[in-house]
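Quick notes on the structure that follows.
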There are 2 protein chains.
Amino acid sequence: MPVFMDVHRNMRGITADELREAHRQDLEVQGTEHVEFKRAWADPESGMVFCLAEGPDADAVRRVHALAGHPADEVYPVTLEV
Amino acid sequence: MPVFMDVHRNMRGITADELREAHRQDLEVQGTEHVEFKRAWADPESGMVFCLAEGPDADAVRRVHALAGHPADEVYPVTLEV
């Protein structure tokens, strides 16, 4: 399954609880899109959040985040990994 | 140890071998800065590369990538993770 890294740029001040809750919402709605969110990393100071997911395509990843109420600013198909 | 996500924006066309070699160069020089590069994900089409590392601070991460010959465009302290 293709792997995607997506980026959110406006989550300044996000707390650990809010990140957990946002991730929980992704997990709750991802099934209909055959997406599996794996991990997420946040920098509350800059507002940057990076999410790693597997899914059929970038649009499916976008739809899950949008459905969950926090649309991604960018989604990249990361076809290489070390 | 603090965790960092860094971003490279100009690696369009990077191959699997080149990503592996870039990562190997980071591992080779990271010891002097007490940095440990964990994983990296690349999108050859957009040229975006994301690297996950542990280290004492963002400047140490920057120095390792610079020493290895591929300076990062951005380095974010990702203090939250799910």
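What follows is calculated from the coordinates using simple rules that are stated; it is not laboratory data. Remember, it's a predicted structure, so these values are computed and weren't measured experimentally. Every residue, glycine as well, gets a Cβ built from its backbone with ideal geometry; the counts of neighbours run over all protein chains shown.
Limited to region B:27-82, what total is found for residues that are over 9 Å from the mean Cα position of the chain (by Cα) and assigned to a strand (DSSP E or B)?
Number satisfying all stated conditions: 11.
Checking A:Phe4 against (1) touching a residue at least 40 places away in the same chain (Cβ under 8 Å); (2) hydrophobic (A, V, I, L, M, F, W, C); (3) more than 10 Å from every other protein chain (Cβ to nearest Cβ): exactly one of these is not met. Which one?
All conditions pass for A:Phe4, except number (3).
Within region B:7-26, can you find the residues that are within 11 Å of chain A (Cβ to nearest Cβ) and in a helix (DSSP H, G or I)?
Once the filter is applied, which keeps residues that are within 11 Å of chain A (Cβ to nearest Cβ) and in a helix (DSSP H, G or I), region B:7-26 yields B:Ala16, B:Asp17, B:Glu18, B:Leu19, B:Arg20, B:Glu21, B:Ala22, B:His23, B:Arg24, B:Asp26.
Please work out which residue is farthest from B:His23 (Cα to Cα), limiting yourself to region B:37-74 and to residues that are within 8 Å of chain A (Cβ to nearest Cβ) and small (Gly, Ala, Ser).
Out of the qualifying residues, it is B:Ser46.
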